Amino acid sequence: MSQHASTSRTGLAATAFGIHSTGRELVSAVCAFSGHPAPGDGLAAHLVIGAFTALDRVPLGVRLYVHDLEHTAEEWPALPITLPPTPWQAATLVDDLAALVTALSAAELCTAAEGMTLTRGEVALASDKPILARGWRKDGPLPDAEVMPQARRDREAELLQLFGHVDPHDWSPEQTDAVRKALLIRLAGLGDALLRVSALPPAPLDWQMGSERLTAHLPVPGAPQPLEAQVVAETAEPHPLISWNDPMWGSTTTVSRECWRWSVGWRSADGEFHTDAGSTEASQAAARFGAEQTIVEYAAQAQTVRQRARYRLLVPRQPDALTMSDPAIVVLGLRSLLEAACQEYRSEANHPESTTGWRILPHKDENKECSLVAILLDDCYVPCPELGDPANEADPASAAFEDFLRSHAVVLTPPARAYLTGLSQAGPGELPLRRRHEEAMRAVFAVESEAADLLAVDTGPLPDGMAWIDLLDVAELEDFLASTEPDSPQ
């Protein structure tokens, strides 16, 4: 192990796990983080420590993509084709890890595999046996338990007999290579976990245990709601092949395959939690780590973080202080609104039975049904008022409505503002989209001062033989949008 543990990858990982040892204690922590049992004493532990020693030689400034080692090991000795390309360090390191198992005898491989609790599935996926080529390689479809029950049982039987009670001294070269490859992939996966933990500084949160999930909060200056992280246990999908997760040798107890999902996001005005990022991990520790690192990244970019699904800023702006130099600014033009209207018109035409009309207010009701304006804004990837927002009852022509958009760094062009105003001017209640669109376009045409120039900038110039008045018709509008491109991106 590195003599400079305090500045080594293993030293950093030990600190992240809150331990002092960079030996067996660290090995156990990394294995638990990866969702694997800790290796037994002897050869298995020696191999893992040897793998960590090789990783300790990697310069701390070199950033490796998580999972690159395992992916490279799966293709070893060939180099995998990846986008982006696999860093050369990953390929070189897998060569170093392979050196740990290359010279092992069949008996030693069996001992190491038992010590690491390699599963039947891991050995099978590393094998070049013909049964794998017939349909359940890791990159191919698994047999369907209902559609192909006999094929599933036949293949499972072949898996269970892959090694059977054959003494390691009698293994074929293919069997020996399969176990060697499986060990290499496991070592590479543990190496990925070590690299992941050592590459990022610890960012512990104050986790609170609820009835079903762990929850943590991080207040952000200027944000009405704190960032929130959640970790919850999920039931892992059972593998269609019975005994797939059973150890190949040793214990007859099925290896537990826990599944933990982490989510990071923040709550809306009505208290509903909205996930913005998340993933599934093999352990609670890995899920907490992923959530903690994501929250730290979000907090560092708080001024420009915008929710993926709701398009709201984490830190809203003061509407009267918003400037065009704001890095989060979004300019919403008429063309984007017209494209959204055409999209809804097509949906209405395809499903006339499901549309009785389009209302303007409220923008979102207790049943989570949205107004026409809210739907168009969502189609344009900008936020719209919701329950709990004062602007939820604000007419799109009102200053309150535009202030809501500006608070999330969305600025309307004059034609876009006129179009939203016209949608409301068509009247209350649920009206056909065609009627609301026609009224909205008349409002656009009524904008004084260089109206034609503003329209051309927002939507693109009219083709020969078409007048602006033609755009009142949704079908004509759709043809126009399909045949023109805006002068500048909206």
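The values are calculated or read from the model by the stated rules, or taken from the named source; none is laboratory data. What you see is a predicted model; the values in this text were computed from it and never measured. Counting neighbours? That spans all protein chains shown, and the Cβs are built from the backbone with ideal geometry, glycine included. Side chains are part of the model used for accessible areas, which takes the heavy atoms of the whole protein and leaves out ligands, DNA and RNA. Shrake-Rupley method; radii C 1.70, N 1.55, O 1.52, S 1.80 Å.
Answer yes or no: is there a residue in segment 387-408 that is of a type in the set (A, V, I, L, M) and in contact with a Phe, Trp or Tyr (Cβ under 9 Å, 6 or more places away or on another chain). Checked against the condition, which is being of a type in the set (A, V, I, L, M) and in contact with a Phe, Trp or Tyr (Cβ under 9 Å, 6 or more places away or on another chain), segment 387-408 yields at least one hit.
The C-beta contact set for segment 402-413 (first residue farther than 12 Å from Leu377 by Cβ, second residue open to solvent by 20 Å² or more (accessible area, probe 1.4 Å) and assigned to a helix (DSSP H, G or I), distance under 7 angstrom, 6+ apart or interchain) comprises Asp403/Pro319; Arg406/Pro319; Ser407/Pro319. The residues of segment 378-403 that are small (Gly, Ala, Ser) and either within 17 Å of Tyr419 (Cα to Cα) or surrounded by fewer than 17 Cβ atoms within 10 Å (Cβ to Cβ) (or both), listed by number, are Gly388, Ala394, Ala397, Ser398, Ala399, Ala400. Across segment 144-157, a minimum of one residue is classified as in a loop (DSSP other than H, G, I, E, B), exposed (fewer than 14 other Cβ atoms within 10 Å of the Cβ), modelled with pLDDT under 85 and not acidic (Asp, Glu).
Annotation for segment 334-346: no member residue is within 20 Å of Leu313 (Cβ to Cβ), acidic (Asp, Glu) and surrounded by 16 or more Cβ atoms within 10 Å (Cβ to Cβ).
For segment 236-268, taking the residues that are over 23 Å from the mean Cα position of the chain (by Cα) and open to solvent by 60 Å² or more (accessible area, probe 1.4 Å), the one that is modelled with the lowest pLDDT is identified as Thr254. Take segment 214-229 and flag every residue that is over 11 Å from Ile295 (Cβ atoms) and either of a type in the set (Asp, Glu) or open to solvent by less than 80 Å² (accessible area, probe 1.4 Å) (or both). Across segment 214-229, the qualifying residues are Leu214, Thr215, Gly222, Ala223, Gln225. Tell me which residues, restricted to segment 297-311, are open to solvent by 20 Å² or more (accessible area, probe 1.4 Å) and assigned to a loop (DSSP other than H, G, I, E, B). Answer for segment 297-311, where residues must be open to solvent by 20 Å² or more (accessible area, probe 1.4 Å) and assigned to a loop (DSSP other than H, G, I, E, B): Gln301, Gln303, Thr304, Arg308, Ala309, Arg310, Tyr311.
Confirm whether Ser6 is over 14 Å from Val94 (Cα atoms), touching a Leu at 6+ places or on another chain (Cβ under 9 Å) and either part of a helix (DSSP H, G or I) or modelled with pLDDT of 85 or more (or both). Walk me through how you get there before you give the answer.
Values: over 14 Å from Val94 (Cα atoms): yes; touching a Leu at 6+ places or on another chain (Cβ under 9 Å): yes; either part of a helix (DSSP H, G or I) or modelled with pLDDT of 85 or more (or both): yes.
So Ser6 passes the test.
For Val457, the stated conditions hold: it is under 14 Å from Gly333 (Cβ atoms) and open to solvent by 60 Å² or more (accessible area, probe 1.4 Å).
Residues that are at pLDDT 95 or above, in a loop (DSSP other than H, G, I, E, B) and either of a type in the set (A, V, I, L, M) or open to solvent by less than 10 Å² (accessible area, probe 1.4 Å) (or both): does segment 73-87 have at least one?
There is no residue in segment 73-87 that is at pLDDT 95 or above, in a loop (DSSP other than H, G, I, E, B) and either of a type in the set (A, V, I, L, M) or open to solvent by less than 10 Å² (accessible area, probe 1.4 Å) (or both).
Checked against the criterion of being in contact with a Gly (Cβ under 8 Å, 6 or more places away or on another chain), at pLDDT below 95 and crowded, with 19+ Cβ neighbours inside 10 Å, the candidates Ala443, Ala426 yield just one match: Ala443. Pairs linking a residue in segment 33-62 that is over 29 Å from Asp246 (Cα atoms) to a residue that is part of a loop (DSSP other than H, G, I, E, B) and of a type outside the set (Asp, Glu), with Cβ atoms under 6 Å and 6 or more positions apart or on different chains, are Thr53/Met1; Asp56/Ser2; Asp56/Ser8.
If only residues of segment 265-291 that are part of a strand (DSSP E or B) and either free of Cβ contacts under 8 Å to residues at least 12 places away in the same chain or of a type in the set (Val, Ile, Thr) (or both) are counted, the one that is nearest to Leu227 (Cα to Cα) is Thr275. When we screen Gly50, Gly40, Gly61 for residues that are in contact with a helix residue (DSSP H, G or I) (Cβ under 6 Å, 6 or more places away or on another chain), outside any helix (DSSP H, G or I) and not aliphatic (A, V, I, L, M), the only hit is Gly40. Restricting segment 347-369 to residues that are closer than 21 Å to Phe401 by Cα and either open to solvent by 80 Å² or more (accessible area, probe 1.4 Å) or of a type in the set (A, V, I, L, M) (or both), the residue that is modelled with the lowest pLDDT is Lys368. Any idea which of Thr294, Thr323 is outside any helix (DSSP H, G or I), over 16 Å from Leu372 (Cα atoms) and β-branched (Val, Ile, Thr)? None of the others qualify; the one that does is Thr323.
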